[in-house]
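The values are calculated or read from the model by the stated rules, or taken from the named source; none is laboratory data. Note that the coordinates shown come from a computational prediction; the quantities given were computed from them, not determined experimentally. For neighbour counting, all protein chains shown are included, and Cβ atoms are generated from backbone atoms with ideal geometry for every residue, glycine included. To get the accessible areas, we keep the full protein, side chains included, count just its heavy atoms, and leave off ligands, DNA and RNA. Shrake-Rupley method; radii C 1.70, N 1.55, O 1.52, S 1.80 Å.
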Amino acid sequence: MRKVLIFVFAFLIGILQTQIRVLGVVPDFLVIFFVFLVFKKKYFQGISLIFILISRMFSSAPVVGIVLYWAIMEVIIGIWRRSFIYIHKSASFFLVISLSVYSFIFWRTGYRVDVNYWLNFLKYLSINLLFFIPLYFLIPEIYSNEEKE
């Protein structure tokens, strides 16, 4: 049931992501939701398949790019989760920042790196953090990678 709810919420967030544009930048709600799921311990191996499907439905990006993007995201989260046993929820901001940087660079590899590139990068990062703030208060105080028995 939990996986079905995650799919439904991811689908709704995918729709929302296609509709909202702030200061000329589209926030990456799927990445924000992904980080939220990691910190709420709702993350499960293969969750990126849901995000690949949602991204494919609402994006004009090539399938190979979407699959590669989320596969690398799975690897990043896998490495990150193995690195910590306990961590404070404030680390969620660092994870949102790092995944936003990854996302921005991954999808904008063909652009010239000039002043507009950096301004768009800062706007994208700021907007992602701004939209993450309400979810921050729903995250438990301590993230534990150990399962409670």
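Residues in segment 132-141 carry Karplus couplings, in order, of 7, 3, x, 6, 4, 6, 8, 7, x, 4 Hz; the curve used is 6.51 cos²θ - 1.76 cosθ + 1.60 with θ = phi - 60°, and Gly or Pro positions show x. Across segment 108-118, computed HN-Hα scalar couplings (Karplus, 6.51 cos²θ - 1.76 cosθ + 1.60, θ = phi - 60°) run 10, 6, x, 8, 6, 8, 9, 4, 5, 4, 5 Hz from first to last residue, x flagging Gly and Pro. For the chain, the solvent-accessible area with a 1.4 angstrom probe is 59 square angstrom per residue. With a Cα cut-off of under 18 Å and a minimum spacing of 8 residues unless on different chains, the lysine pairs in the chain number 10. For the peptides 97-105, 40-48, 2-10, the ranking by mean Cβ contacts within 10 Å, running from highest to lowest, is 97-105, 40-48, 2-10.
With each label modelled as a point 7 angstrom along the Cα→C-beta vector, the Ser90-Phe11 pair spans 4.0 nm. Computed from the C-beta positions of Val4 and Tyr117, the FRET efficiency with R₀ = 41 Å rounds to 0.55. Here is the list for segment 43-149: trypsin sites (Lys or Arg not before Pro) lying in DSSP coil, each with at most 14 other C-beta atoms within 10 angstrom of its C-beta, are Arg108, Arg112, Lys148. How would you classify segment 1-57 from its alpha-carbon gyration tensor, with a ≥ b ≥ c the square roots of the eigenvalues: rounded for a/c under 1.5, else prolate if a/b is greater than b/c, otherwise oblate? Prolate, because a/c is 1.5 or more and a/b exceeds b/c. Please name which of Tyr69, Ile13, Tyr102 has its Cα lying farthest along the dipole of segment 1-137 towards the positive end, using unit charges on Cβ (Lys, Arg +1; Asp, Glu -1) and the Cα centre as origin. Ranked along the dipole, the leading option is Ile13. Around the amide H of Tyr143, modelled in the peptide plane, lie the amide H atoms of Ile87, His88, Lys89, all under 5 Å away and 5 or more residues distant in sequence or on another chain. Quarter the surface of the alpha carbon convex hull of the chain and you get the mean projected area, 9.3 square nanometres.
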